Structure formats: C-alpha cells, structure tokens
Amino acid sequence: MNMNTFSRRTFLGATILAGVAPRASFAHSNSDTLVFVSDYVLKAAPAPGSYDIQIEPLYGNAEFLMRPTREGPQPWLAEAIEQLEPTKWRITLKPGITFQNGRPLDAKALKGCLDYYLTSKENQGDPGAALMGNPTSIDVSGSLSVDLTLPKPFPRLPFAAAHYAYLIFDPEAVAAVNGDWSKLVDKGIFTGPFTWETIEPGKITYKRYDNYWGGKPHLASVTIKQVPDEQAGLQAISAGEADVLAYPALSLAAAARGMPNTNYVVIDGVGFIGLYPEPHIAPFDDVKVRKALSLAIDNDAIAKGVGLGLGTAMKGWFPAESPLEVDWVVHDPAKAEALLEEAGWKKDADGIRAKDGKQLEARFYCYTAIGEGVATASADMAKKVGFLATVRRFEHYSDIPAVQNVDGGIYTMYTESFGLNGDPQGTMFSVLGGGYGVKAFDDIKAVLDPVMQSTDQSEIDAAMKKAQEINGEHAYWLPIMDDKARFILSDRFKHVALNPFYIFADAKMAPEA
C-alpha cells in the first residue's frame, strides 16, 4: 500500500467553508432518483484500478468479491473463498451474475480482471499483487472458480477480496477501449445495480440495471451534481433538490440541525486523522524531537475544537474500547520542552528553538479541510514548546510526499485503524511495517511480518500490540482524532442504514414512504 491509499476522503467533498455560497440551481424532479451533491465530480470515466474509480461502490455502480464488514469479509460476488492448501486458494463466484452489458461474470472474466490488477500500470503501483499475496499463477478451475497459487501462506487473502482496490469489471470491455477510458461510460463494465449513463461537466448520471443479479433495483436512477462547496450542497438538500452529501465538514453539523429536510448523521468510522513526521530527515530523524512533538499536542483539545464534539481524541492506534488498543498518547508540554533541551534545541529571545544556527521547524502539510484544522491546531500547540510551525494546504494528496521527503515535514492524513476492507492486521502492516518509512520501521516490520502468515489470533493480537508499543516509544506515527463516517441526508433517505466502508446506494434502497 502506498501513500495514495489514504486519499479517498478527497473524493467525498471535504472543503473549507467560506461564508454562504450561492445555492446550486437544479430541481429534484424525479422521486425515483437518488441525488448526491459533491464539490468533486469526475470529468470522464477513469481507468480501472485508479483511485478515482474506487469510489463507485458509494453510488451503486461497482462491487467487490466480498463485502467488507466489522465482523470480517462476507460473500458478495463470490459465493466462497477457500484455502485448498497452505499456498493455494479457490474463489468461487455466485451463479447467474452478469455485467451491466449482459456478459456473464464467469471464471474466465474473473481471471482476466485479476490478471489486470496484477500487471496494469493503472493500478496505482502494486497493491494488486501485494494485497493478494503476490500470486504466482491464477488459473481457471471451473466455470465459476479460479485458483490462486501463492509463493507462501497468506491468510489475509479473503480481506483482499473485500478491498476497494478490487472492483470487479468486464476485462473484455476494458481491453476493447485500448486505454481510451472515456469510452467506458456506456460499456456497462461493472456488476452493480446502477450503471453509468453519462459523465459530463458537473454531473454524472447512473441508470438502473434491470437485470441486476440481486433483483431489480427500487430506484430508477442515481445522479451526482457538482456544487461550488459544501454549504451549497447543504442548501440544495434543504431545498429538496438533493438527498446526500457524503462526508461533509464537521462544521456543517450545527447548520444542518437548524435547517429543514437536513439530517446530519454520524456513525463510528474505520480510521483516524494522524500526523506522520518524516523520520529520515532533520529535525524529525531524532526520536526526541518526534516525541516532543507528540507530547506538545493536546488530542482532547483538538477533538473538542476541531472535532466540534463529534470527534474523539485518540490515545493510540484504535478506539479506547477496542481490545487491540494500546494507549500511549499523552499531553505533557513540560516534558516536551525538556526533551528538546536534551536534544540541544535552545530557545532564543522570541521563543523559537534553534541548534547550530538552525531554527527548529515543523512544517505541517495537509490536503483536506479537516486535515487543515488538525494541522493548524497542532501547529499552534507546537509553537508553545519552541517549534517554528507553519501549515500549508495542497490541492492534491500526491503533492505532499514529494515536498515532505525534501524538507522533513509532517504529513497530516487519514489513516485506517480497521482498514477499509475491515482488516486491521493488514492495514497496520501496510502502514507501520511496509508502506511508509521502511527503514525507520524495520523494528515494527520484524514484529508484524511473521504473523502475516499466522492464523493464531492470540499470536496476531500480541504482535499488533507490540507494534503499537514500538510506535509509541519511537513516535513514528501520531494518532490525533478519530474520523467518523458522516452524511447529510434528506428526509426521504434519513432512514438508510449507513456503512463506514463507503457502500451506500444498493438495489433495495428506496425513499421513505
């Protein structure tokens, strides 16, 4: 997993509010249509495997082999995923599933789809291979089954089948466009209840797939309308012109409660907002400086101020009620200052610390509104113990690592405690043991790597707790505040059961009677 994996919130409309924006001028004319509003709308069909396309389950367009849940992966397109031998797995599809173009989802199609994910440069690096245990072969073993042979045991494979990197598509239709992804719009490449109809500037429409394998969808269509910002989206819902604003700013909660037809709904999410100080470059290559930064930050105050009472302060990698949690985060500015003194950073007349003629800089980088709020509050707290702290917001997450790797800044980002496929073990390994700062985290990798092949849950849990202890001792990754799953819903859809794994529109969804 690479840094880009933590970017999905950018596609859900997180923006800074600047006063009251003009309301979008469109009418919600069809009672059988579910209307989303967002300040980010695709301009064309993206490549399968790219991050833009991975949001499609939210709108009912695409599906996975397994459905992610807090209790683990459940059958979806796959009827079963079973381990035949220590290094051999079989995926068996449910019968009768077709793509939206009418072609069957059979073993041949599944093999073509998985082969694409293992080899395509569009798949954002190599998550396809890594998440599936780097299979050495994928073979058709029956009309509805494929067998994967792995180089070593990999019990996490069912979780890979529930990962948003694996939307199941028609490989024949995708190959036919020869890289011109804009031609995919009307090709019915997925299996979901709603299929792309049009993608045009500021608007995407989906139409019902009448032959959907799960039964004819209740809704006739789904639409996404682009709005200038989230305030305009809120107004559109209140006016009856829209139904859903996904992952709105926390600051909209109070406004939504005071407007008709708006319901700000929050459930526990699967991750948190945290800080990643670059551990290879000064000043954060010094563990004392990283620990001082952590001690300077008051998570409780940020959860109250930035989280507006909806966020919860993190004391470790998981929420406090999780049996996996190891609490290590504390707020102690006096100890932070003592550590900086020990590290040779002395305060000058203006309160900024310096060593060898160089000031102690903490550059906080972010790319979303909530990230900017956390970064700004953290920077203010860092200043109090002597950091020269600044905040810079980027338009796109991919710009941050390049800058951070040059100057040793601090990346403010969303991190998955439980994983967007419900796999806390795999996610923790990706973040602390493999995907980030591999050299710095070799100590954590040595603890987590052996249990990636284990099925002994007590052994796995012990390793995950040890990894958290090491993270706390070295302050590699600093959890700040949990990130709730949140939606603003119209009265027509306020009854919908929300899902923290980004699956929203389905065949059974209908307006409240």
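The values are calculated or read from the model by the stated rules, or taken from the named source; none is laboratory data. As the structure is a computational prediction, the values presented were derived from the model and not from experiment. Here the Cβ positions follow ideal geometry from the backbone for every residue, glycine too, while neighbour counts run over all protein chains shown. Keep in mind that these areas ignore ligands, DNA and RNA; they rest on the heavy atoms of the full protein, side chains included. Shrake-Rupley method; radii C 1.70, N 1.55, O 1.52, S 1.80 Å.
Anything in the range 228-262 that is touching a Lys or Arg at 6+ places or on another chain (Cβ under 7 Å) and open to solvent by 10 Å² or more (accessible area, probe 1.4 Å)? List them, or say none.
The answer is Gln235, Ala239.
Only one residue in Phe64, Phe99 is of a type in the set (Phe, Trp, Tyr), touching a residue at least 24 places away in the same chain (Cβ under 8 Å) and out of contact with any Pro (no Cβ under 8 Å at 6 or more places or on another chain). Which one? Don't jump to the end; show me each part of the working.
On the way: Phe64 fails: out of contact with any Pro (no Cβ under 8 Å at 6 or more places or on another chain).
Going through Phe64, Phe99 in turn, just one is of a type in the set (Phe, Trp, Tyr), touching a residue at least 24 places away in the same chain (Cβ under 8 Å) and out of contact with any Pro (no Cβ under 8 Å at 6 or more places or on another chain): Phe99.
Identify the residue in the range 105-119 that is of a type in the set (A, V, I, L, M, F, W, C) and assigned to a helix (DSSP H, G or I) and, among all such residues, is surrounded by the fewest Cβ atoms within 10 Å (Cβ to Cβ). Quick ask: steps written out before the conclusion?
Restricting attention to the range 105-119, the residues satisfying the condition of being of a type in the set (A, V, I, L, M, F, W, C) are 105, 107, 109-110, 113-114, 118.
From the residues that got through so far, the ones that are assigned to a helix (DSSP H, G or I) too are 107, 109-110, 113-114, 118.
Numbers: Ala107: 20, Ala109: 22, Leu110: 23, Cys113: 23, Leu114: 22, Leu118: 14.
Filtering first and then ranking leaves Leu118.
Out of (1) modelled with pLDDT under 90; (2) part of a helix (DSSP H, G or I); (3) open to solvent by less than 20 Å² (accessible area, probe 1.4 Å), the odd one out for Asn405 is which?
Exception for Asn405: condition (3).
What are the residue pairs meeting all of these: first residue in the range 197-209, first residue open to solvent by less than 80 Å² (accessible area, probe 1.4 Å), second residue among the acidic types (Asp, Glu), Cβ atoms under 8 Å, and 6 or more apart or on different chains?
Qualifying pairs under 8 Å: Thr205/Glu197; Tyr206/Glu197.
Out of everything in the range 419-443 that is over 28 Å from Ile503 (Cα atoms) and modelled with pLDDT of 85 or more, what residue ends up being surrounded by the fewest Cβ atoms within 10 Å (Cβ to Cβ)?
Checked the range 419-443; the qualifying residue surrounded by the fewest Cβ atoms within 10 Å (Cβ to Cβ) is Asp442.
Can you tell me which of Lys291, Lys216 is out of contact with any strand residue (DSSP E or B) (no Cβ under 9 Å at 6 or more places or on another chain), of a type outside the set (Phe, Trp, Tyr) and at pLDDT 95 or above? Step through it out loud before you land on a result.
Details: Lys216 fails: out of contact with any strand residue (DSSP E or B) (no Cβ under 9 Å at 6 or more places or on another chain).
Exactly one of Lys291, Lys216 is out of contact with any strand residue (DSSP E or B) (no Cβ under 9 Å at 6 or more places or on another chain), of a type outside the set (Phe, Trp, Tyr) and at pLDDT 95 or above, namely Lys291.
Here's the yes/no breakdown for (1) aliphatic (A, V, I, L, M); (2) assigned to a helix (DSSP H, G or I); (3) open to solvent by less than 60 Å² (accessible area, probe 1.4 Å):
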{"position": "Lys304", "(1), (2), (3)": "no, yes, no"}
{"position": "Gly316", "(1), (2), (3)": "no, no, yes"}
{"position": "Val326", "(1), (2), (3)": "yes, no, yes"}
{"position": "Ala349", "(1), (2), (3)": "yes, no, no"}
{"position": "Gly371", "(1), (2), (3)": "no, yes, yes"}
{"position": "Val374", "(1), (2), (3)": "yes, yes, yes"}
{"position": "Ala377", "(1), (2), (3)": "yes, yes, yes"}
{"position": "Asp380", "(1), (2), (3)": "no, yes, no"}
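If you go through the range 262-279 one residue at a time, do you hit one that is within 28 Å of Ala462 (Cα to Cα) and more than 22 Å from the chain's Cα centre (by Cα)? Before the answer, list the steps.
Here is the first cut: in the range 262-279, the residues within 28 Å of Ala462 (Cα to Cα) are 268-279.
Restricting the remaining residues to those that are more than 22 Å from the chain's Cα centre (by Cα) gives 279.
Within the range 262-279 (the criterion being within 28 Å of Ala462 (Cα to Cα) and more than 22 Å from the chain's Cα centre (by Cα)), the answer is yes, since at least one residue qualifies.
Answer with yes or no whether Lys152 is in a loop (DSSP other than H, G, I, E, B) and in contact (Cβ under 8 Å) with a residue 24 or more places away in the chain.
Taking the combined requirement at face value, the residue satisfies it.
What single numbered condition from (1) closer than 27 Å to Ala507 by Cβ; (2) surrounded by fewer than 22 Cβ atoms within 10 Å (Cβ to Cβ) fails to hold for Phe64?
Among (1) closer than 27 Å to Ala507 by Cβ; (2) surrounded by fewer than 22 Cβ atoms within 10 Å (Cβ to Cβ), Phe64 violates only (2).
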